[in-house]
Amino acid sequence: MNPAIVIPTYWSGSGADMQAPGTYDHSTPIDAGAPDLERCLSSLEQVQDLCRIVVLVVSPQTQTHAAGERVRAIAGAHPSMDIRIVTNEHASRIAERVAQIAPKAGGEPVSLRGYGAIRNMGLAVSAVLGHDAVIFLDDDEVVLSPDFMKRALYGLGAETRQGLPILVKTGYFYNEQGSPLADTSSAGITHRWWTKRIEFNRWMRKALSATRISRSNYVCGGLFALHARAYTRVAFDPWITRGEDLDYLFNMRLHGYDVWFDNEWVVNHLPPASKSLSSRFMQDVYRWYYEREKLARAARQPDLNPVTPATLMPYPGPWFSAELDERVRKTALARALFTREHAGYRDIWRHGRGRAEEYARANAGRYVKFQSFWPSIMNGLWNDAELARMLEREQDGS
């Protein structure tokens, strides 16, 4: 197998720029003294049989050069690693080729903007370089053992005893407390209707006590392995506002595939401290209304397999069920009353559901259309000599 590790890394300017629209969770300031990416790459130094690493540099267009230079300096401190760096400049060339292959795909389905499109860019680069497996790793995660690659590739491309192919699998992470379970100690009224903790922990305990490989209802996007037989057939959704990793599980099921959970593949997750902002909550509202509408529409298409809340219990089924409306309304009201962001949450309480429903109605059909082009996009990009030379020049520093 010829795998690649793909690490999206998110960068921003300093100060006010970090709060500008279009920034991402845990964006790293370009002048940060100890960036997460450095810690992640250092943890990979110990890994046996380490494969090529593709670093996707997500930054505002105005910061492309500065972010690229910072990442090159970080990568340069690890000369033993084969690291390919992809900035906005490289991504635009790949996106142009995608547009040539599938001019009717629409939007920016493969780019360094938007969580789903960024994942698709990782798949596109991997196809250009001819990798038959992709291992996603987040830059705020730390690899724990030298046998990381062995664990990552375990079972990938094989079949279960029932003859089901293992084409996509996920691991899990330990949090700062060293636990794989979500913290349930501080779920007050502002989180009562907007927390996955109890549902998630119920599912996770069962998965951790099962056989090593079991059918998954969950995806740790930072620890996610895809065989080419899956990633060249099924794309990430560029129109999901958050949670593109779990959404990929839904997309796989729509097309008759499973995602599998490996309870012996684990990393440490060490995200920087962040505040719970009303804008982030609104992204989640958009996400779940879009998910619910998308899956409802897909269920009416004879060539797709239905994905219903009942098939994804105890988690994440409730989040795209009829419960969603009350969860949003009660959470927005509680946070409008009991947090400092009164105006932001009050606006969501009054208008948020309407905006999210409008977005869902306008965009929920776009993924299925785009997905119809995905196999031809992957076929057209596979071992593309011109694009591969571009990425080789980046490696050579020219």
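The values are calculated or read from the model by the stated rules, or taken from the named source; none is laboratory data. Treat the numbers as computed from the prediction; the structure is a model and nothing was measured. Heads up, the Cβs are rebuilt from the backbone with ideal geometry, glycines too, and the neighbour counts pull from every protein chain shown.
Worth pointing out:
- Scanning the range 337-396 for residues that are surrounded by fewer than 18 Cβ atoms within 10 Å (Cβ to Cβ) and touching a Pro at 6+ places or on another chain (Cβ under 6 Å) gives no hits.
- Filtered by the rule that a residue be β-branched (Val, Ile, Thr) and more than 10 Å from Val54 (Cβ to Cβ), the range 108-127 gives Val110, Ile118.
- Where Ile53 falls short, out of the listed (1) surrounded by fewer than 21 Cβ atoms within 10 Å (Cβ to Cβ); (2) in contact (Cβ under 8 Å) with a residue 24 or more places away in the chain: (1)
- Residues in the range 242-262 that are in a loop (DSSP other than H, G, I, E, B) and either among the basic types (Lys, Arg) or surrounded by 24 or more Cβ atoms within 10 Å (Cβ to Cβ) (or both): Arg242, Val259.
- Close contacts from the range 202-220, counting a first residue that is under 13 Å from Trp265 (Cβ atoms) and a second that is in a loop (DSSP other than H, G, I, E, B) and β-branched (Val, Ile, Thr), with Cβ to Cβ under 8 Å and a gap of 6+ residues or different chains, come to Ile213/Thr160; Ile213/Ile166; Ser216/Val259; Val219/Val259.
- Residue in the range 138-145 that is more than 22 Å from Leu246 (Cα to Cα) and among the acidic types (Asp, Glu) present: no
- Selection count, the range 155-201, where residues are hydrophobic (A, V, I, L, M, F, W, C) and under 20 Å from the mean Cα position of the chain (by Cα): 8
- For the range 310-321, taking the residues that are of a type in the set (Phe, Trp, Tyr) and either in a helix (DSSP H, G or I) or without any contact (Cβ under 8 Å) to a residue 12 or more places away in the chain (or both), the one that is farthest from Asn201 (Cα to Cα) is identified as Phe320.
- In the range 164-202, residue surrounded by the most Cβ atoms within 10 Å (Cβ to Cβ) [restricted to those that are of a type in the set (D, E, K, R) and assigned to a loop (DSSP other than H, G, I, E, B)]: Lys196
- Of the listed requirements (1) under 19 Å from Glu244 (Cβ atoms); (2) in a helix (DSSP H, G or I), Val307 misses just one: (2).
- Pairs meeting the criteria (first residue in the range 127-153 and more than 15 Å from Gly171 (Cα to Cα), second residue hydroxyl-bearing (Ser, Thr, Tyr) and surrounded by 23 or more Cβ atoms within 10 Å (Cβ to Cβ), beta carbons under 6 Å, at least 6 apart or on different chains) are Asp139/Thr9.
- Qualifying residues in the range 1-25 (those that are more than 28 Å from Asp147 (Cα to Cα) and either touching a helix residue (DSSP H, G or I) at 6+ places or on another chain (Cβ under 7 Å) or at pLDDT 70 or above (or both)) - the one surrounded by the most Cβ atoms within 10 Å (Cβ to Cβ): Trp11
- Looking across Ala91, Ala105, Ala158, Ala77, one residue alone is buried (at least 24 other Cβ atoms within 10 Å of the Cβ), at negative phi and out of contact with any Cys (no Cβ under 8 Å at 6 or more places or on another chain). It is Ala91.
- Residues of the range 208-221 include at least one that is over 20 Å from Asn305 (Cβ atoms), of a type outside the set (S, T, N, Q), within 20 Å of the chain's Cα centre (by Cα) and surrounded by 22 or more Cβ atoms within 10 Å (Cβ to Cβ).
- With respect to (1) touching a His at 6+ places or on another chain (Cβ under 6 Å); (2) modelled with pLDDT under 95, the lone exception for Val234 is condition (2).
- Checking Lys104 against (1) of a type in the set (Lys, Arg); (2) under 24 Å from Asp49 (Cβ atoms); (3) at pLDDT below 95, the condition it does not meet: (2)
- Selection status of Ala127, closer than 30 Å to Glu386 by Cβ and among the small types (Gly, Ala, Ser): yes
- Number of positions in the range 208-231 that are aliphatic (A, V, I, L, M), in a loop (DSSP other than H, G, I, E, B) and touching a His at 6+ places or on another chain (Cβ under 8 Å): 0
- Test result for Lys330, within 22 Å of the chain's Cα centre (by Cα), surrounded by fewer than 17 Cβ atoms within 10 Å (Cβ to Cβ), assigned to a helix (DSSP H, G or I) and touching a residue at least 24 places away in the same chain (Cβ under 8 Å): no
- Unique match (being farther than 27 Å from Gly33 by Cβ and either under 21 Å from the mean Cα position of the chain (by Cα) or surrounded by fewer than 17 Cβ atoms within 10 Å (Cβ to Cβ) (or both)) among Arg97, Arg119: Arg119
- Annotation: Glu291 fulfils all but one of (1) part of a helix (DSSP H, G or I); (2) more than 22 Å from Ala362 (Cα to Cα); the unmet one is (2).
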